[in-house]
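The values are calculated or read from the model by the stated rules, or taken from the named source; none is laboratory data. Everything numeric in this text was worked out from a predicted model, so none of it was measured. Note that we place each Cβ from the backbone using ideal geometry, even for glycine, and neighbour counts take in every protein chain shown. Heads up: the accessible areas ignore ligands, DNA and RNA and are worked out on the full protein's heavy atoms, side chains in. Shrake-Rupley method; radii C 1.70, N 1.55, O 1.52, S 1.80 Å.
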Amino acid sequence: MTRIERLILSIAMTSMMVFMVTLVATYLNLGLRADFVFQWAKAYIVAWPIAAATAYLVMPMSRRLTTRIVNRIDGAT
């Protein structure tokens, strides 16, 4: 996977995941109140760059780990 592919995947994947996680966490912590959308957006804006950078950095290690696990599972059957 090229750097640009890894970057685009990290951005797309984490954007969707952070959207849902911050939405649910904000709802569970605050409930539906007048400033819910503002509070959720604030959480999203803070969390998403952290998630995207983390995904970009750990993706190669995660792919190697996944390959090792799948190879062991395939070898065990």
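Given (1) at pLDDT below 95; (2) surrounded by fewer than 12 Cβ atoms within 10 Å (Cβ to Cβ), identify the lone condition not met by residue 16.
(1)
Residues are listed down the side, and each one gets a yes or a no for (1) out of contact with any helix residue (DSSP H, G or I) (no Cβ under 9 Å at 6 or more places or on another chain); (2) modelled with pLDDT of 95 or more; (3) open to solvent by 90 Å² or more (accessible area, probe 1.4 Å); (4) not in a helix (DSSP H, G or I):
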{"position": "25", "(1), (2), (3), (4)": "no, yes, no, no"}
{"position": "28", "(1), (2), (3), (4)": "yes, yes, yes, no"}
{"position": "33", "(1), (2), (3), (4)": "no, yes, yes, yes"}
{"position": "48", "(1), (2), (3), (4)": "no, yes, no, no"}
{"position": "51", "(1), (2), (3), (4)": "no, yes, no, no"}
{"position": "59", "(1), (2), (3), (4)": "no, no, no, no"}
{"position": "75", "(1), (2), (3), (4)": "yes, no, no, no"}
